[in-house]
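What follows is a set of notes on a single structure, which appears directly below.
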Amino acid sequence: MPVDTQLDLAARFATREDVPVILAMIKELAEFEQLAQDVVATKEGLKKTLFGAKSYAEVLLAENAEGIAGFCLFFHNYSTFLAKPGLYIEDIYVRERARGQGIGKTLFAEIERIAAARDCGRIEWWVLDWNQPAIDFYETMGAKPMNEWTVYRLTEAQFKRTA
């Protein structure tokens, strides 16, 4: 995987053995987003859905000399307008101790490389509207907000009720 020799930083695909650290970072991210009470993910659930018979998402890990510094969980979506697949970033997170060291840039560079190699037409993600440091970072990369769209969601409880 790519290594930034200036920062002693590498991005690599996660393995089944990385599930404990993935779950720990999911919980750290939830704390940061003030959503810790919503995390019900377990090691077993992550093993099944990320590394089981059917994988629903992929995870990149960023490592530096101090260990795992961040992660990016993503999966394919599809654009009918482009007639191409895309990548959707569900979560991208850099541990607090590692922020400002180029880790986010490294993760995005790897995601962009993957998207290009897989002939994807775009990469998309959401950001909380109060997370100004993340918004500023994304805009330095040339990302544009999609302000004309409103996100809707049905949760498991709702779609079980209508089935």
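What follows draws every value from the coordinates through simple rules; no lab data is involved. Quick caveat, the model's predicted, so the values are computed rather than measured. FYI the Cβ positions are ideal-geometry reconstructions off the backbone, even for glycines, and counts take in every protein chain you see.
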>> Suppose the filter is touching a residue at least 12 places away in the same chain (Cβ under 8 Å), on the phi > 0 side of the Ramachandran plot and not aromatic (Phe, Trp, Tyr); does Asp8 pass it?
In response: yes
>> Quick test for you: out of Ala69, Ala10, Ala41, Ala14, pick the one residue that is surrounded by 14 or more Cβ atoms within 10 Å (Cβ to Cβ), of a type in the set (Gly, Ala, Ser) and more than 19 Å from Thr106 (Cα to Cα).
In response: Ala41
> How many of the residues in segment 95-113 are hydrophobic (A, V, I, L, M, F, W, C), under 15 Å from Phe74 (Cα atoms) and buried (at least 17 other Cβ atoms within 10 Å of the Cβ)?
Replying inline: 3
>> Go through (1) under 28 Å from Arg118 (Cα atoms); (2) surrounded by fewer than 14 Cβ atoms within 10 Å (Cβ to Cβ); (3) free of Cβ contacts under 8 Å to residues at least 24 places away in the same chain; (4) not aromatic (Phe, Trp, Tyr) for Leu23 and report which single condition fails.
In response: (2)
